[in-house]
Structures are given as C-alpha cells and as structure tokens.
Amino acid sequence: MTDLLKKKTISDFGDQWNNFQKNEGYYGSSELFQDLFSSLIPPSELKDLRVADIGSGTGRIVNMLLDVGCRHVVAIEPSNAFNVLKKNVANRQDRVTCLNVTGENIPFEDLDFIFSAGVLHHIPEPRPVVDAAFQALRPGGKIAVWLYGKEGNRLYLAVFQPLRMLTTKLPHYFLVALCWIMYPILFAYISACKIIPLPMKNYMLSHLDRLSVSNQILTIYDQLNPAYAKYYSRQEVVALLEESGFADIKLYHRHGYSWSATGIKPKQP
C-alpha cells in the first residue's frame, strides 16, 4: 500500500505541475525563499555552494537558490512534470543538473547543502530520502526542510482533512472547478483577517495575500490534490532528521503553522 500511495502521490504532482507551470511574482521570488529559511540560514551562507533540491516540481526552489547565490543546483524531480522543470530552468542550464529520479536516489556526494521544501510531508516513507540526503552531503554539510506543521493547524485540519477524502479522488478539471468555487471564501477570509485576528492571520496576510489570483488557486489545489499529506509535530521533525544522523537541529515555526528546520552532517572525528 505504501508503494502504491507513493506512486499515486508522484502521479498527482505530475498532473499538478503540468497544469500549473508558472512561478510568477512573489510565489517564485527569493523574498519568499528567505521567508522560508532566512531565520535559520543567512542568504550569504549559500553563496557559491553546490546544493541539491529534492522535489523540484516546476523549478521554483531551484531558481530561488540560484537567485540567492548558489553556484550549482542538482534538481531532483521524479514525476512526469520533469520537462516543465527543464523548461523553467533552461536559461540557467549551465548551473543546473536535472535528474528524473526519486529523492532516495541522489547519485551525488560531497554536496554543501540539500533542500526539500514542501516535499517530505507528501512522502509516506520519508526516511530513505533523508538517509540518502545524509549520504550525499559532505561532512559539515547541511540539510534544510520545510514541512506542514501539526501545531497551529487544528481548525484547518478539522475542515480540510475530511474534505480531502473526496478531493483526492477528483479528476483534475473537477478539482480546479472546486478551487474556483472555494476562492471567494479564501478572499473573504483574507479580507476579514485585515480587520480581526482570525486563526492563521499572519500567514494569510504575509503570504497568501501577496500571491496572484492564479497562485492562490494553486495553493487551494495544492492542499486538496496530493494523495498523501502529513502534518508534523515539532518532535516528529526533530526525530526525522536525528534518526538519519543529523545533528545540531534548529527549527523555526514559520507563521505559526509550519516548520522550517536545518541539521548538520557531523564532521568525521
């Protein structure tokens, strides 16, 4: 069942990224990258590094990494949206290596940094991926992940988890139609957050309100489409990295609803 769920999730994201190919405005900006990670990683730390991005999708994080100064990015994308990834990084192909493999099959060693933003929480068995990242890093290299958080999402999960039992089974065009139906609700909620302190207000105003309408629709779709999604507690994030050998784990509770985390591969004694 785990293998079937993994294949279904990869297939779901292939469909998603083939239909939502653009990384426009704030959604694809280095400013958003810094919102994800700068509390743990100063942008200057990434200058001229050789890094990997696990689950590159349409190349959004790849281009962010290059924009903040990385020298070369190994982009890992297992889905049939691989051609979308290659198209979106084509103007920087001398600085990107694109690989159509799953995260546990990183063939590189001695990387300085490995990133995985919004990916591990969609992998039913993430440990082999984190283990492979550990092996691919040089001693002293770092991993950085961004994951859905359990803390701060109680109301959201109460509404969306039951809904996902239906939406994960819908064909693409039906799901897109549902997202457009739901969009006015999101717009009204964001507007209300500007007046009263509703749950997830910080996320709504500092992130979602800055996205284009098309990327707000994508955000709704992204929550309802994947076959598998896990919401991690703080302790689970720490355990995920520590059990693969990472040390000096640091976490940031981004906007009170998700976790950004880093860990270091210890240097040999």
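What follows is calculated from the coordinates using simple rules that are stated; it is not laboratory data. What you see is a predicted model, and the numbers here were worked out from it, not measured in a lab. No Cβ is skipped: glycine too gets one built from the backbone with ideal geometry, and neighbour counts run over all protein chains shown.
Some points to look at:
- Summed side-chain charge close to residue 137 - residues other than residue 137 whose Cβ falls under 9 Å, Lys, Arg +1, Asp, Glu -1: 0
- Extension gain for residue 48 to residue 195 (0.36 nm times residue separation, less C-alpha to C-alpha distance): 48.6 nm.
- 3J(HN,Hα) from dihedral phi, the range 190-206, Karplus parametrisation 6.51/-1.76/1.60, rounded to Hz, x for glycine, proline: 4, 4, 5, 5, 6, 10, 10, x, 7, x, 6, 4, 4, 5, 4, 7, 8
- Between the amide H of residue 97 and those of 73, 74, 75, distances stay under 5 Å, these residues lying 5 or more places away or on another chain, with hydrogens modeled in the peptide plane.
- GNM result for the chain, Cα springs below 10 Å: residue of 157, 137, 36 fluctuating most strongly: 157
- Given +1 at the Cβ of Lys and Arg, -1 at the Cβ of Asp and Glu and no other charges, the dipole of the chain around its Cα centre is 380 debye to the nearest 20.
- Annotation: aspartates and glutamates with alpha-carbon distance below 13 angstrom to residue 47 (same-chain offsets under eight excluded): 67, 112.
- Cα convex hull volume per residue for the range 154-224 (Å³): 79 Å³
- Pairwise label distance in nanometres, residue 3 with residue 206, each label 7 Å out on the Cα-Cβ vector: 4.4 nm
- Karplus 3J(HN,Hα) series, Hz, for the range 211-219 with 6.51 cos²θ - 1.76 cosθ + 1.60 (x for Gly, Pro): 8, 5, 4, 4, 7, 5, 4, 4, 4
- Centroid-to-centroid separation of the range 187-218 and the range 225-245 [C-alpha atoms, Å]: 26 Å
- Cα-based Kirkwood hydrodynamic radius, the chain, one decimal, Å: 18.9 Å
- Listing 253, 122 from fewest to most neighbouring C-beta atoms within 10 Å gives 253, 122.
- Net lengthening on full extension, residue 214/residue 138 (0.36 nm per residue, minus Cα-Cα): 23.4 nm
- Gain in span if fully extended, residue 267 to residue 165, counting 0.36 nm per residue against the direct Cα distance: 32.3 nm
- Set of lysines with alpha-carbon distance to residue 86 below 20 Å, sequence-local pairs under 8 removed: 22
- In the chain, the DSSP beta bridges split such that about 40 percent are antiparallel, to the nearest 5.
- Reciprocal of mean inverse Cα separation for the range 164-269 (Kirkwood radius, Å): 16.4 Å
- Between the range 91-143 and the range 14-35, the Cα center-to-center distance that results, in Å: 19 Å
- Cut-off under 5 Å, modelled amide H: who pairs with residue 149 long-range: 232, 258, 259
- The range 51-156: radius of gyration over Cα atoms, expressed as a fraction of 2.2 N^0.38 Å: 1.07
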